[in-house]
Structure formats: C-alpha cells, structure tokens
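Scroll down for the structure; my scribbles are underneath it.
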Amino acid sequence: LNTNVELFRALQTVLVEGDTVPTDAVDQRIAELFMFDFEQSGIHLDDQKRKQFVKLNGNIHMLGTFFQRGAQKSVGIPKSKLPENLQHVFGAEGDNITVTGLFSDHYSSLVREAAYRIFLSPDPHQAEILEALLTARFKLAQLVGFDTYSHRANRGTIIESPENIVAFLDLLSKELKPRAQMDYDDMLLLKQQQEPQAKDIMPWDPPFLSGLGRQKKSTMSNVDCLPYFSLGCVMEGLNQLFQCLFAVSLQHVEMEPGEAWHDDIYKLAVVHSTQGVLGYIYCDFFERYGKPNQDCHFTIQGGRQLDNGSYQHSVVVLQLSLPAPRGSSVPTLLSPGNVDNLFHEFGHAMHSMLGRTRYQHVTGTRCSTDFAEVPSVLMEFFAADPRVISTFARHYKTGAPMRPSDVKNLCDSKKIFLASDMQQQVFFSMLDQVYHGPHPLPGSSTEILAQVQSKYYSIDYVKDTAWQLRFGHLVGYGAKYYAYLVSRAIAAQIWHTCFKADPFNRSMGSRYRNEILAHGGEKHPVQIIQDMLGQQPTVENLVKSLIVDLDESVQQLDRL
C-alpha cells in the first residue's frame, strides 16, 4: 500500500484540506503516521528516484540477510595455532579446530581468551558487507530527505533525534563510569581467587565473572532453582499477578483441528472479570527442530474498534525455546533467566491484549521502539521482586515453597554488576549511532569500534579483533539499539512511582492500563509518559531514573 500513489494523494488532500467526514486528534495522528510511512518509502519522489529507492531498499534487505548469516558463522583454524592443552575444548575436524562462539561461561580464562580472539578475528568479506549496508542505509535516508539514517529511524520516538540520543548516552556514560569501575574492581577480586596473578579485567571476563558473582549471591545454583519454577507454577504466578493488577485471567482454550502450526502449541484467552474476552495468545513455548531459537512476541491480528461498536480481539504469539516436559513425571522446568524472559514476553502480550485503539495500525506494540519495550522491561521488575516470586516458586514434586531467604538472595543476585552491564549497553548504543550517523564514516568499522570503545567502555579494545562483525542487532535495531536503555528508564520510573510499594496494587494497575497500555501508538509516546508520570521524559530525567534505580539496587546489596 505504501507504493499506491492514488492513496498517497488522497491522504495528502485530507491532511491539507480536511476530510469529507468529521475527524478528531486520533484520526489526525493516524493520518500523519500513514503519511510518514508513505514518505519514508519514497512515494513522493520522481520516478527515477523512486526506482533508486526500491533498489537501495532491496540491497539493504539482502545485505542484512548476508550480514546476519556471517555474524553466526563459525571460524576454523589449524590445530597447530592453539596450545595442545586448549585443542580438546573446541570441535576438531582433522587438522583443524572449529570455534562456534565466545565460550563466555567457560571457567578457564585461557579458553575464553582463545575463543574471543579466534571468533572475533577480522573477516574482510563480512566487513565489506557491513560497510555496504551502512552506506546503503545512509543513501536511502538522504534520498527521502533525512540527514542520516538515524534521523529517519528515530523520528516520532520518545527521544526524537540522534542529537538527543547522543546527549543521553554521553550523560549516562559520565554517570556510569565510576559505578562501573567499582563493578570491575569486584570482578577482579573474583578473578584473582582463581588466578592470583591476574591484574586486569579483559573483555572475555565479564560474562563469566558476572555469573560467578550472581551464583555466590544467590546461594542456590540454577540447577537447584529449576524444580521450583515449573512452567505451570510460573504461568499461575503470572495469572495471579494479572488478576490483581488488571482483573484479567489467563484461561486455556481448546483449539479447532488444524488451528495451530504444531501440536505442542497452547492457546490462552485473556478474560476480564466484567468485560469478557480481551484477546488470545498462542503459546509456542517449546524448542523443536527447525524452529528459530529466539524469544519473541508477534501479532497475528491487531485490535481495533469495529463499525458496529464492538472491538476486534488482538491475537498474538509468544515464542520461547523451553525444553519440553520429560514424560508425565517431569514438567518443563525454568531457570531464573527463563522466568525473566517469560515475564518480559508477557509484558509485550499484555500490551497487545489490554490496548484499546481505534485503528489496528497503532494497536499494542505498534509504537516507537523505545516505547514498545517499556511494558516488557517493567515486567522484569516484577520478576525481580521477592513478593511476586514467592507467590509461585514451589517445588514441582512436594509443593514446598522456596525458602524466603533463597527467594530474596535470588532476587538480589539479579542486581549484581548492573553498572558494568549498562556501560556495555551504552558502548554498543553509541557505536550504533556513529555507524548510522554522517557518511563517509571517519575510518573503517573496526577503527571506529576501537575509538568508541576507548571513550565509552572501561575495558580496552583488543587488537586484531572485530566484535562489530558479530553485532547482529545492527540489522534489526539499526540506529535504535539505545531504545532498551530509554525503555528501562521509563519502566524504572513507573516501577518506583506505582508498584514498588505494592506490586499487586489494583488501582495502580488500572491506571497503568488506562494511561500506558491502552493507547499503543495512538498517542505520541511523550504525551503518554507525561500523562502517566506527570513529567516530560527529558534526557536528564531519563538518566536520573536509571542512576537512581542503579544506586538503590547497590545500596540494597550493601545492606546484606
């Protein structure tokens, strides 16, 4: 439809001269969103430029596919290039070994270092693909009237412009630096317990040492936690939480023959206590051959107001990759990370279910990227609260609840090394902004990586590595990787303002539904946030929200 010139001209006439029927602010916003879709697709260009746009767009899709493929490709090297004591760790084939990933969780720093240097070694062909992708995006943005690709990607968002994004990341980076250094000092102590001679934290260390720190804080290993988080118990916990907050329940629905794409799909109706069915969720939770190993939420049918006054139900899919039950005696058991992911995805689902928009173009998660993640990130706060976890953490065999001290330690373990993790997110976000800023770029993608890393990350760049060539998010989140940080800032404000005192508060749940979830993209996200929190989401407010939440988490840990 975005290539239909007749539709475009009719819409243009409506925006300039008004419609033949009465319209209001909602109609006006939808018309403007449609117009933006038309214009960023190049419909207003002359024939020659439109053909150029179509060609560039096709190239961008093709290059993105190639880049994603290359980002996951394993690396083979001759065995002789590795010390003998490391050769057995990696897959061997004749005289070669194959490195399939970063081995971030391996206990040996020698193995982690070898994997890091090999897996992230420069690949000239992959670098050419990335630089061609970034150049094509820049040309496409300029063709449709934007200074850079980031300007095109971030119009209509909470933060609105690349200039504001950079200001946000710069201020956050400044605040994080001393806090992240405290994390790295603690990590070094952990590393020195294993390697007394260690003097520095290297880029292959944080994932392993963060996990080690969480393990020490938790007092229960992931394996020990599993029996307390059966899928049935966690789903019942979500059901109870949604009943408390929104007066809705999750009810199993029998499907028609052939309705689902596999026999292990479950269908849930989301039912309000007085309003009836609000929508349906297909739960595609279990791993299987050929299924993408990706946790996600996607829409089958958007909600909208129908002409007869009724409401078209939203229908969505939640896709996870959980292990299937082992027979009738052992249900699917979730790790604490799986529990977080399930809560996160249900945040998206409830955004779709509880939305009540006039048009399906803006229903639920169909809004700006830096706002779409707010409900899902907020659910992570619920998943880290002992009062919430205690409602459903029960042993699948005995029914015994997890001990309160274990619940508290598990929730506290999620607050370990938050500053260093956030600093890494700032680094990735800034790299993404530079890549999608003015062109030609001031150097190769690897030279830019080293420059950005030296300014925004406390761990030095390792020569002859090219981490950016594995940064698959550049395809799906190009110029928008920062969005998670903005969403987290908004979610933290909502949590501390509305739910920290009582995570089961119905009046706050109703307010959250009516002010945040109901509108999807029907109102500008800045207006939605202002109506909910009573203040504008300025750069300073967003950074303050993240730092206040971070400092409070650290203080809670210090009091243990």
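Brief remarks follow.
- Remark: the chain carries a charge dipole of roughly 520 debye about the Cα centre, counting +1 on each Lys and Arg Cβ and -1 on each Asp and Glu Cβ.
- Cα-centre dipole for the stretch 35-113 with unit charges at Cβ (Lys and Arg positive, Asp and Glu negative), debye to 20: 220 debye
- With every protein chain in place, the stretch 389-500: carbon and sulfur % of accessible area (1.4 Å): 53 percent
- From the alpha carbon centroid of the stretch 427-499 to that of the stretch 348-407 is 26 Å.
- Working ranking of peptides 270-282, 141-153, 377-389 by packing, defined as the average number of other Cβ atoms within 10 Å per residue, highest first, is 377-389, 141-153, 270-282.
- Charge context of residue 219, other residues only, Cβ under 13 angstrom, K/R +1, D/E -1: +2
- As a fraction of the 1.4 Å probe accessible area of the stretch 1-112, surface on carbon and sulfur atoms comes out at 52 percent.
- Protein-only accessible surface order, largest first, of 204, 261, 467 at 1.4 Å: 261, 467, 204
- Note on surface exposure: 23, 299 rank 23, 299 by accessible area, highest first, 1.4 Å probe.
- Whole-Å distance, taken between Cα centres, linking the stretch 1-79 and the stretch 121-184: 20 Å
- Dipole orientation for the stretch 405-560: of the candidates 417, 438, 517, 517 has the Cα lying most toward the positive pole (charges on Cβ; Lys, Arg +1; Asp, Glu -1).
- With the convex hull of the Cα atoms taken as the outline of the stretch 136-247, the averaged projected area works out to 13.4 nm².
- Multiplying the residue separation of residue 52 and residue 252 by 0.36 nm and subtracting their alpha-carbon distance yields 67.0 nm.
- Remark: the stretch 12-118 projects, on average over all directions, an area of 12.9 nm² (convex hull of Cα atoms).
- Size of charge dipole - the stretch 246-301 - debye, nearest 20, with Cβ of Lys, Arg +1 and Asp, Glu -1, no other charges: 160 debye
- The chain: calculated mean residue ellipticity at 222 nm from DSSP helix runs of at least 4, using -39500 (n - 2.57): -16500 deg cm²/dmol
- Gyration tensor (alpha-carbon) shape descriptor, the stretch 452-560, a/c threshold 1.5: oblate
- Per residue, the accessible area of the stretch 270-395 comes to 38 Å² when a 1.4 Å probe rolls over the protein heavy atoms.
- The stretch 308-419: C-alpha gyration tensor shape, a/c 1.5 cut-off, then a/b vs b/c: prolate
- 13 Å beta-carbon shell around residue 118, net charge (K/R +1, D/E -1): +3
- The stretch 251-321 - percent of accessible surface contributed by carbon and sulfur, probe 1.4 Å: 47 percent
- Counted by Cβ distance under 13 Å from residue 200, the other residues give a net charge of -3, where Lys and Arg count +1 and Asp and Glu count -1.
- The string of couplings for the stretch 291-303 from the Karplus curve (6.51, -1.76, 1.60, θ = phi - 60°) is 8, x, 7, 8, 7, 7, 10, 9, 9, 9, 9, x, x Hz, one whole number per residue in order, with x for Gly and Pro.
- With 0.36 nm allotted per residue and the present C-alpha distance subtracted, the residue 496-residue 19 stretch has 167.4 nm of extension available.
- Shape of the stretch 1-73, Cα gyration tensor, a/c cut at 1.5: oblate
- Highest to lowest packing among 170-178, 64-72, 482-490, scored as the average C-beta count within 10 Å: 482-490, 170-178, 64-72
- A viscosity of 0.890 mPa s and a temperature of 25 °C, combined with the Kirkwood radius over C-alpha pairs in the Stokes-Einstein formula, give the stretch 354-504 a diffusion coefficient of 132 µm²/s.
- Among 109, 164, 275 the positive-end extreme of the charge dipole of the chain (Cβ point charges): 109
- Values (i) 78, 62, 50; (ii) 90, 70, 50; (iii) 92, 67, 59 are given for comparison; Cα extents along the principal axes in Å, derived from the coordinates here, is the one labelled (i).
- Leading residue at positive end of dipole, the chain (Cβ point charges), from 71, 477, 225: 225
- Taking amide hydrogens as placed 1.01 Å from N in the peptide plane, the amide H of residue 304 sits under 5 Å from those of 312, each at least 5 positions away in sequence or on another chain.
The values are calculated or read from the model by the stated rules, or taken from the named source; none is laboratory data. Because the structure is a prediction, the values reported are computed rather than measured. Note that we place each Cβ from the backbone using ideal geometry, even for glycine, and neighbour counts take in every protein chain shown. Surface areas here come from the heavy atoms of the whole protein model, side chains and all, with no ligands, DNA or RNA. Shrake-Rupley method; radii C 1.70, N 1.55, O 1.52, S 1.80 Å.
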